[in-house]
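See structure below.
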Amino acid sequence: MKLATTTGDFGRYAKNQEECVRYIHQAGFKYIDYNFGFDYARGIGAFADDWQEQMQHLRAVADELGVKFVQSHAPMGKPIVQGPDYIPFIEVNKRCIECCAILGIDRVVVHSGYECGLTKEECFKRNKDFYMELLPLAQEKGVYVLTENFNKMHKEGVFWIDNATDLRALLDCVDHPYFHAVWDAGHANMQEMPQDEELRIVGEHVYALHIQDNMGDHDSHVFPYLGTMSLDAVMNGLKDIGYKGYFTFESNIFLPGDKRRQSERGDKLLNAPLSVRLKAEELLYEIGKSTLEAYGCFEE
């Protein structure tokens, strides 16, 4: 299994995706998850006027460094809420698929949605309608669309897909050869069922991973070993289902500055310095390598 991490690791430090890629490469990673949310929030990269040229440039940078884009994550949004933003959001996700084709990526994570007051059946139907807007283009471009198990949310009147059983049900409902799943280990850690059991439910549909940790009560996205997640359960579950994809991190060792108490006298230390974050990225690589080596499946 090969190690990957997301360009989102340096979202608070870099001005563009090229800088993110260079930082990740510097830490030892050779395989990269492209976070389209970085571009979308800034109107750059995939969402710039010259987006094709920018994607081609990034592909060339990756080739120069000897790294490879292997998966991606579309921006967050409200995919099943009917309103003025519905069609534009479909176009945002189609743009991500187009960019994946240029970057050589064959899978993109697109979150399912929820809306207060919908039954489970209505939620599944709305989500299927949304994904079916994307899947013809995805199949044409050879890009798998991956849906995710959400973090557990306690909110009255809301059904959303936060466990393996419901995730598998959505996959069966959409039933398309280019529609599969990404397994978020941190989200699963907020559930009661052991992760090896959950992974066996989703089974052959697991096409990618988000490896992150938490204390089981909040979606913290911290490094493994900083929370309560069982890496052994994750690794045994992946072994049980014959997973052959990338071991991809979506982890941050530090809480972002906007989650930390603020000081009225300045914010010089609101976020860790870049030099410290780079050291942390090297540690993340070592955590991943040691995890895979323990199960005899580490690949360069």
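The values are calculated or read from the model by the stated rules, or taken from the named source; none is laboratory data. All values derive from a computational prediction rather than experimental measurement. Positions of Cβ are backbone-derived with ideal geometry, glycine not excepted, and every protein chain shown enters the neighbour counts.
For segment 63-82, the candidate set comprises residues that are surrounded by 14 or more Cβ atoms within 10 Å (Cβ to Cβ) and among the charged types (D, E, K, R); within that set, the residue that is nearest to Cys20 (Cα to Cα) is Lys68. Looking across segment 192-212, the residues that are buried (at least 21 other Cβ atoms within 10 Å of the Cβ), outside any helix (DSSP H, G or I) and touching a helix residue (DSSP H, G or I) at 6+ places or on another chain (Cβ under 6 Å) come down to Ile211, Gln212.
Report whether or not Glu286 is among the charged types (D, E, K, R) and surrounded by 11 or more Cβ atoms within 10 Å (Cβ to Cβ). Yes; evaluated as a whole, the condition is true for this residue.
Annotation: of all residues in segment 4-43 being among the acidic types (Asp, Glu) and assigned to a helix (DSSP H, G or I), the one that is surrounded by the fewest Cβ atoms within 10 Å (Cβ to Cβ) is Glu19. When the residues of segment 249-278 are filtered to those that are loosely packed, with under 10 Cβ neighbours inside 10 Å and not in a loop (DSSP other than H, G, I, E, B), the one that is modelled with the highest pLDDT is Ser275. Kindly establish whether Thr248 is touching a residue at least 12 places away in the same chain (Cβ under 8 Å) and under 18 Å from the mean Cα position of the chain (by Cα). Taking the combined requirement at face value, the residue satisfies it. Checking each residue in segment 214-244 for being part of a loop (DSSP other than H, G, I, E, B), over 21 Å from Lys152 (Cα atoms), in contact with a helix residue (DSSP H, G or I) (Cβ under 9 Å, 6 or more places away or on another chain) and not hydroxyl-bearing (Ser, Thr, Tyr) picks out Ile241, Gly242.
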